């Protein structure tokens with residue numbers, strides 16, 4: 001991934017088959033699908049890849065136990081199938097995770113016991129392991145610090161876990177390998193039309209201020225919670241298609257979850273489920289479901305959401321987390337497809353995706369979830385091929401091994417997410433360049449340089465939030481090492497002291513959102 005080469009491609013290419021606006025899960029999935037079919041593909045992202053919702057998930061690849069409870073059977077079946085496909089295509093990024101649900105009410109046992117057997121059955125040969133009912137003693141043995149008062153037993157089931165922004169970068173690299181052109185920090189500012197049909201767009205390179213005019217057979221709006229902004233470029237009076245919902249997560253030290261298993265809390269005070277999941281030697285606890293009226297590039301956690309997570313987690317943990325224990329807090333906005341009714345309960349809105357086409361030909365992919373990114377991409381490009389009058393080609397991503405594919409890698413190795421690129425990273429520079437700059441998480445000089453030269457990272461935040469996950473794991477520690485990271489980046493990018501100062505100023509502002 002080379003930004004200058006991508007800019008050159010834009011200058012030289014007369015017309016693209018498919019132009020995708022948005023570099024999150026749905027946009028990147030569509031780019032991989034389109035490029036694999038042989039379509040001339042361009043993807044544009046106004047910030048960095050996975051800057052928004054796609055780096056702020058609960059880190060689960062799952063069919064959705066809660067969707068099963070809500071009776072959304074078709075979504076569960078689709079997601080379980082896609083969970084298996086994702087694990088097969090990127091085993092270096094997706095791993096099995098066992099979840100324990102503790103029971104404190106007698107009716108929970110048969111409900112979840114039977115329900116999870118149905119869950120297993122739906123997964124079929126894509127299943128990760130059978131669910132099993134547990135007695136009280138077995139539940140305590142699996143979750144040593146679970147609240148024991150009133151505990152009746154539990155159930156263990158299996159789902160998947162991944163690193164969301166690393167999956168996004170892997171998809172970006174895969175699309176690039178397949179011939180797609182990708183650009184971050186390029187904002188689409190207008191849609192062009194001929195005879196009332198969209199024929200292209202205008203974009204501004206936010207790094208240089210240069211404007212480019214692009215011609216396209218089909219234009220895809222995959223901007224998530226910002227979809228309505230692109231829709232209004234096309235049809236200013238269009239009704240909103242997206243109902244944003246905020247999900248907040250708190251990150252704690254690993255000691256709050258003693259053991260390798262995650263906890264699913266089945267009944268919180270607002271009727272949702274709550275997860276406590278081991279992740280990169282920390283624990284992610286979440287999430288919330290708060291209707292939000294205005295979408296933001298940097299959503300912030302509300303005090304009520306923070307209190308809700310701490311209070312509900314405390315009910316199930318002997319070691320009760322407090323505000324002072326939170327190492328990082330992050331908020332993401334779900335791009336839920338808006339309902340026709342005036343419902344304010346976003347937790348009831350289906351996580352199914354939709355592909356809409358306007359009368360002028362703008363294709364908008366709405367809703368969805370990370371687990372089904374591949375199917376979202378397939379459905380979107382099926383539509384784009386029709387709208388753009390492209391040569392008919394079937395999707396070829398179901399068995400497509402993603403960039404860095406490695407089977408049976410060491411998932412405890414901090415470099416495992418790089419798959420087959422791991423040895424290249426370690427062999428860069430001197431051996432000391434592999435030493436971590438922190439003892440809280442792993443980040444080395446080699447990783448920083450690799451992110452700049454191979455993964456199109458151009459700002460400190462790109463590396464500390466998404467190429468590595470430092471900011472999401474321990475925000476204060478990340479601030480401590482930021483000056484050193486900036487210095488290494490400046491060397492790789494040939495930048496001066498003024499650039500370092502401005503980058504640190506910008507990063508310090510962003511980091512405040514992650515610190516309680």
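Select from segment 232-256 the residues that are within 23 Å of the chain's Cα centre (by Cα) and outside any strand (DSSP E or B) and write down the one among them that is farthest from residue 192 (Cα to Cα). Give the derivation first.
First pass over segment 232-256, keeping only residues within 23 Å of the chain's Cα centre (by Cα): 241-254.
Right, trim to outside any strand (DSSP E or B) and you get 241, 254.
On the way: 241: 21, 254: 51 Å.
Looking at residues that are within 23 Å of the chain's Cα centre (by Cα) and outside any strand (DSSP E or B), I get 254.
Within segment 257-287, count every residue that is part of a loop (DSSP other than H, G, I, E, B) and crowded, with 23+ Cβ neighbours inside 10 Å. Spell out how you get there, then give the answer.
Initially, segment 257-287 is screened for residues part of a loop (DSSP other than H, G, I, E, B), giving 257-261, 266-273, 280-281, 287.
From what is left, the residues that are crowded, with 23+ Cβ neighbours inside 10 Å are 257, 287.
Total meeting the criteria: 2.
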Quiz prompt | Within segment 418-516, helices (runs of 4 or more DSSP H) holding 3 or more residues that are over 19 Å from residue 166 (Cβ atoms) and touching a residue at least 12 places away in the same chain (Cβ under 8 Å) | solution = 475-493, 497-511
Practice problem: Would you check which residues across segment 134-151 are closer than 16 Å to residue 312 by Cα and within 32 Å of the chain's Cα centre (by Cα) and list them? | Solution: 145, 146, 147
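With the condition kept exactly as written, say whether any residue in segment 147-170 is farther than 26 Å from residue 374 by Cα, free of Cβ contacts under 8 Å to residues at least 40 places away in the same chain and surrounded by 19 or more Cβ atoms within 10 Å (Cβ to Cβ). Steps first, please.
Of segment 147-170, the ones farther than 26 Å from residue 374 by Cα are 147-156.
Of the ones still in play, those that are also free of Cβ contacts under 8 Å to residues at least 40 places away in the same chain are 149.
With the extra rule that they be surrounded by 19 or more Cβ atoms within 10 Å (Cβ to Cβ), the set shrinks to none.
Looking through segment 147-170, none of the residues is farther than 26 Å from residue 374 by Cα, free of Cβ contacts under 8 Å to residues at least 40 places away in the same chain and surrounded by 19 or more Cβ atoms within 10 Å (Cβ to Cβ).
Listed here are the residues, each with its yes/no results for (1) at pLDDT 95 or above; (2) buried (at least 19 other Cβ atoms within 10 Å of the Cβ); (3) closer than 24 Å to residue 83 by Cβ.
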residue	(1), (2), (3)
402	yes, yes, yes
408	no, no, yes
424	yes, no, no
447	yes, yes, no
Practice problem: Give the residue that is surrounded by the most Cβ atoms within 10 Å (Cβ to Cβ), with candidates limited to residues of segment 233-252 that are within 18 Å of residue 282 (Cβ to Cβ) and out of contact with any helix residue (DSSP H, G or I) (no Cβ under 7 Å at 6 or more places or on another chain). | Solution: 249
Exercise. Please go through segment 26-72 and pick out each residue that is in a loop (DSSP other than H, G, I, E, B), out of contact with any strand residue (DSSP E or B) (no Cβ under 6 Å at 6 or more places or on another chain), modelled with pLDDT of 95 or more and farther than 28 Å from residue 282 by Cβ.
Key: 37, 38
Quiz item: Got a number for residues in segment 178-207 being within 21 Å of the chain's Cα centre (by Cα) and outside any strand (DSSP E or B)?
Solution: 3
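The values are calculated or read from the model by the stated rules, or taken from the named source; none is laboratory data. Computed from a prediction, not measured in an experiment: that's the story for all the values here. Note that each Cβ is placed from the backbone with ideal geometry, even for glycine, and that neighbours are counted across all protein chains shown.
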